[in-house]
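Below is one structure, written out as structure tokens, with a few remarks after it.
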Amino acid sequence: MSIIKVAAGTINTTPLAWESNRKHIVSAIEDARRQEISLLCLPELCITGYGCDDAFYSANTLTQAIESLHEIVAHTAGIAVAVGLPLRFNNKLYNTACLIVNKRILGFAAKQHLPNYGLFYEDRWFHRWPAGLRDEVKVGDFSYPIGDLIFDVSGIRIGFEICEDAWVAQRPGRLHFDRGVDIILNPSASPFAFQKFITRERLVIDGSRSFSCSYVYTNLLGNEAGRLLFDGDAMIASDGTLLASSPRFGYADYYITSAVIDTDVTRLSHSQIKSPVAGGNWKVTDTFQWHEVAPAYQTAELEPFERGGYLKEEEFARAVCLALFDYLRKSRSYGFTVSLSGGADSCVCVALCGLMIRLADESIGLEAFKQKLGHIKKIQQETTVEGIAKQLIHSIYQGTENSSTDTYESAASLAQSIGATFHHININGLVETYKGLIEEQIGRDLTWEQDDIPLQNIQARVRAPSVWLLANLYGHLLLATSNRSEVAVGYCTMDGDTAGSISPIAGIDKYWLRQWLVWLETIGCHVKGHHIKVEGLQKVNSLQPTAELRPKERMQTDEKDLMPYEVLDAIEEVAIRDKKSPVDCFRSMEVRFAEKYSRETLYASVDRFFKLWSRNQWKRERYAPGFHLDDYSLDPRAWCRFPILSGGFEKELEELKTYFEGKNAKARKGKIGF
């Protein structure tokens, strides 16, 4: 049988959630069987969940994983299934994919390359399996092959590249080619990053072409463990052609993406390429009656939103909305509460909550949405998006004498446009009470000339108890509203505007967020022939960002307090991602912004950034968990570790000053000489 129907199954898993993970896996297998699929590839570590962290060390985790595996095996009659789990061998832990054929375990392919950079920490838990090595592992009463294996199932040869294996220069597929592989399965847990799906697609297509095979790639889906997001990207390619591609950012428990492949075609390509004979004990042989299937002619198409001109805007909206939904249901919370100031950041958070409901409706329908949130009784009788939003999304505007009518109208109009519950209180009396109590104790008045930062901070901190009270009353998650730009320089009040259970926009910069708000108001998400927009953002999009913590006559703006946001974000990229020195950062900024900002502005910005970055690491250690939206982040618990106490770049900033003043002196001398 040369023509085979294969499939990639994406699954929404939760670490250590044995019942739900197994249920989703079994449901995916049964669905694949109904579609007469012969070979199904499920994601990496989908039995346990990918984000188990140090729980991987637990003997109970490994025992539960094996128990789940045996229960899954019972559901594989008439189908071949690859499923991922951790496995202990010789007292070492390996990240493996188990191939099950017709209710029989054939063996365990072990991951050879472990990512230990950026967001990844796999070397902490797992060992790397050496290429070309095969051994036997005892699981229960039986022994099975483990290692670098090719499974020969009634003449169809199946090999594995597990996630990172495909991203390295010496990928296992090269050796699989020499062994005459027909199909490579890639079970992955590849976190979302902007436009990363394009890179994955190249790896899959190039792998199928270079190794003259069919390539089945699958991935996890949703917010699995709190920080990492998975877009459910899955695809099937054969001999350099992409045959099928999955929907991304779906709200269902799993998705099946299938294609019909012809092994005669890939073998023909293979026969025309000269390669050495592969020796060694790498083959596992078994028999299976592959389902008879007719030839098919298909090519994959991108989703409509992926073909448009606003890919980053679409991906941000869909990734964070799905992440919020999964966080809500997996934490068994009852909704979201936001301190809605009417500024860009809090408006983004509220808009995302409203957009979450509408995107879920487009994905699985309101009834399925309510069923997945079955623990929230208040939404079960609601029949409209707006009715559900009123129960799930609560916002509160907390004004002082420094607040403006503009920000109040911005907050109120947004809440009204998406149907969110909106509260409005004035906290000026609370601020004055705290201020008066301290003035009595220190024996003097607090003034803006002498006490600027403390007077700003008390306003932000006074807002926290009331919004926490509101969130606690309804069992809601409180959303912190700090963006990535503020995280970088600590432009926030700890225990004030940083208060929250989750910080959904901590991974995205302020300059881009303002553009995204305009996009959501005017263009919006592309779904099924129409666009989802939030027209209630019109007011906030007309405002200049400001904390509104100083008196109105002082004309406070964020960029006056800090630096131009686009400069701040560019410095962060070069200084933190690329690890450049202050002098190198300044030189990069000179090139990038030569026509827009003076050397003095750029110098002051770089100098200020490094000082604030060093001074505020303790704040980054205390931020609420945020979502990873890029290949790097500022999260000290996952990507960017930095000492809380440090030298503060003092020597490097002196070198920057010398460099800056030296070039200025040369420029002045040149003008005089002329």
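The values are calculated or read from the model by the stated rules, or taken from the named source; none is laboratory data. Model, not experiment: these values are computed from the prediction. Every residue, glycine as well, gets a Cβ built from its backbone with ideal geometry; the counts of neighbours run over all protein chains shown. Side chains included, ligands, DNA and RNA excluded: accessible areas come from the protein's heavy atoms. Shrake-Rupley method; radii C 1.70, N 1.55, O 1.52, S 1.80 Å.
Kindly check whether there is at least one residue in region 459-478 that is open to solvent by less than 20 Å² (accessible area, probe 1.4 Å), closer than 22 Å to Leu328 by Cα and touching a Lys or Arg at 6+ places or on another chain (Cβ under 9 Å).
no
Would you pick out the residues in region 483-533 that are touching a Phe, Trp or Tyr at 6+ places or on another chain (Cβ under 7 Å) and polar (S, T, N, Q)?
Ser485, Thr498, Ser503
Tell me, please, whether a residue that is in contact with a Phe, Trp or Tyr (Cβ under 8 Å, 6 or more places away or on another chain), at pLDDT 95 or above and among the hydrophobic types (A, V, I, L, M, F, W, C) can be found in region 70-86. Give the derivation first.
Residues of region 70-86 in contact with a Phe, Trp or Tyr (Cβ under 8 Å, 6 or more places away or on another chain): 80, 82, 86.
If we keep only those that are at pLDDT 95 or above as well, we get 80, 82, 86.
Checking the rest, the ones that are also among the hydrophobic types (A, V, I, L, M, F, W, C) come to 80, 82.
Scanning region 70-86, I find at least one residue that is in contact with a Phe, Trp or Tyr (Cβ under 8 Å, 6 or more places away or on another chain), at pLDDT 95 or above and among the hydrophobic types (A, V, I, L, M, F, W, C), so the answer is yes.
Give, as residue ranges, the strands (runs of 3 or more DSSP E) completely inside region 41-140 that count at least 1 residues that are closer than 19 Å to Ile183 by Cα.
On the way: elements: 80-89, 92-101, 104-110, 134-139.
Hits in region 41-140: 80-89, 92-101, 104-110.
Please give the number of the condition Gln289 fails out of (1) touching a Ser or Thr at 6+ places or on another chain (Cβ under 8 Å); (2) in a loop (DSSP other than H, G, I, E, B); (3) surrounded by 14 or more Cβ atoms within 10 Å (Cβ to Cβ).
(3)
For Gln441, are the conditions met, namely being touching a helix residue (DSSP H, G or I) at 6+ places or on another chain (Cβ under 8 Å), assigned to a helix (DSSP H, G or I) and surrounded by fewer than 18 Cβ atoms within 10 Å (Cβ to Cβ)? Spell out how you get there, then give the answer.
Working: touching a helix residue (DSSP H, G or I) at 6+ places or on another chain (Cβ under 8 Å): no; assigned to a helix (DSSP H, G or I): yes; surrounded by fewer than 18 Cβ atoms within 10 Å (Cβ to Cβ): yes.
So Gln441 does not fit the description; no.
Name the pairs: first residue in region 415-437 and without any contact (Cβ under 8 Å) to a residue 24 or more places away in the chain, second residue part of a helix (DSSP H, G or I), Cβ to Cβ under 8 Å, at least 6 apart or on different chains?
Lys435/Leu455; Lys435/Ile458
Scan (1) surrounded by fewer than 24 Cβ atoms within 10 Å (Cβ to Cβ); (2) outside any loop (DSSP other than H, G, I, E, B); (3) modelled with pLDDT of 95 or more for the single condition His270 breaks and write down its number.
Status for His270: all satisfied but (3).
Of the residues Gly207, Gly222, Gly226, only one is in a helix (DSSP H, G or I), touching a residue at least 12 places away in the same chain (Cβ under 8 Å), among the small types (Gly, Ala, Ser) and within 25 Å of Tyr117 (Cα to Cα); which? Can you show your working first?
Details: Gly222 fails: in a helix (DSSP H, G or I); Gly226 fails: in a helix (DSSP H, G or I).
After applying the criteria, what remains is Gly207.
Of all residues being in contact with a strand residue (DSSP E or B) (Cβ under 6 Å, 6 or more places away or on another chain) and among the small types (Gly, Ala, Ser) in region 391-411, which is nearest to Leu328 (Cα to Cα)? Just the residue, please.
Ser395
Residues to consider are Ile396, Ile357; find the one that is part of a helix (DSSP H, G or I), in contact (Cβ under 8 Å) with a residue 12 or more places away in the chain and β-branched (Val, Ile, Thr). So that I can check it myself, show each step before the final result.
Working: Ile396 fails: part of a helix (DSSP H, G or I).
Selected residue: Ile357, the only one of Ile396, Ile357 that is part of a helix (DSSP H, G or I), in contact (Cβ under 8 Å) with a residue 12 or more places away in the chain and β-branched (Val, Ile, Thr).
State which residue pairs qualify: first residue acidic (Asp, Glu) and inside region 501-516, second residue open to solvent by 10 Å² or more (accessible area, probe 1.4 Å) and assigned to a helix (DSSP H, G or I) in any location, beta carbons under 6 Å apart, and separation of 6 or more residues or different chains.
Asp509/Arg484; Asp509/Asp569
In this structure, does Glu301 turn out to be closer than 30 Å to Gly155 by Cβ, at pLDDT below 95 and open to solvent by 70 Å² or more (accessible area, probe 1.4 Å)?
Numbers: closer than 30 Å to Gly155 by Cβ: no; at pLDDT below 95: yes; open to solvent by 70 Å² or more (accessible area, probe 1.4 Å): yes.
Here the answer is no, as Glu301 does not meet what is asked.
Since Asn91 meets every condition but one in (1) among the polar types (S, T, N, Q); (2) over 29 Å from the mean Cα position of the chain (by Cα); (3) open to solvent by less than 30 Å² (accessible area, probe 1.4 Å), which condition does it not meet?
Unmet for Asn91, out of (1) among the polar types (S, T, N, Q); (2) over 29 Å from the mean Cα position of the chain (by Cα); (3) open to solvent by less than 30 Å² (accessible area, probe 1.4 Å): (3).
Out of curiosity, is Ser245 touching a helix residue (DSSP H, G or I) at 6+ places or on another chain (Cβ under 9 Å) and surrounded by fewer than 21 Cβ atoms within 10 Å (Cβ to Cβ)? Can you show your working first?
Details: touching a helix residue (DSSP H, G or I) at 6+ places or on another chain (Cβ under 9 Å): yes; surrounded by fewer than 21 Cβ atoms within 10 Å (Cβ to Cβ): no.
Here the answer is no, as Ser245 does not meet what is asked.
Return yes or no: is Leu469 under 28 Å from Val606 (Cα atoms) and in a helix (DSSP H, G or I)?
No; evaluated as a whole, the condition is false for this residue.
State which residue is nearest to the chain's Cα centre (by Cα) when the search covers only region 230-241 and only residues that are crowded, with 24+ Cβ neighbours inside 10 Å and either in a strand (DSSP E or B) or modelled with pLDDT under 95 (or both). Break it down into steps so the answer makes sense when it comes.
So in region 230-241, the residues crowded, with 24+ Cβ neighbours inside 10 Å come out as 230-238.
Next cut, either in a strand (DSSP E or B) or modelled with pLDDT under 95 (or both) only: 230-231, 235-238.
Numbers: Phe230: 6, Asp231: 8, Met235: 19, Ile236: 23, Ala237: 25, Ser238: 29 Å.
Of everything passing the filter in region 230-241, Phe230 is nearest to the chain's Cα centre (by Cα).
Just the residues that are of a type in the set (A, V, I, L, M, F, W, C), open to solvent by less than 30 Å² (accessible area, probe 1.4 Å) and in contact with a Ser or Thr (Cβ under 7 Å, 6 or more places away or on another chain), please, taken from region 506-544.
Ala506, Val534, Val540
Within the set of pairs 6+ apart or on separate chains, which have a first residue in region 366-390 that is closer than 16 Å to Lys330 by Cα and open to solvent by less than 30 Å² (accessible area, probe 1.4 Å), a second that is at pLDDT 95 or above and of a type in the set (Asp, Glu), and C-beta atoms under 7 Å apart?
Between residues of region 366-390 that are closer than 16 Å to Lys330 by Cα and open to solvent by less than 30 Å² (accessible area, probe 1.4 Å) and residues that are at pLDDT 95 or above and of a type in the set (Asp, Glu), the close pairs are Phe369/Asp361.
For Phe194, indicate whether it is over 20 Å from His113 (Cα atoms) and surrounded by fewer than 24 Cβ atoms within 10 Å (Cβ to Cβ). Explain how you work it out, then say what you get.
Numbers: over 20 Å from His113 (Cα atoms): yes; surrounded by fewer than 24 Cβ atoms within 10 Å (Cβ to Cβ): yes.
The answer is yes for Phe194.
Restricting to region 480-505, name every residue that is under 18 Å from the mean Cα position of the chain (by Cα) and open to solvent by 20 Å² or more (accessible area, probe 1.4 Å).
Of everything in region 480-505, those that are under 18 Å from the mean Cα position of the chain (by Cα) and open to solvent by 20 Å² or more (accessible area, probe 1.4 Å) turn out to be Thr481, Ser501.
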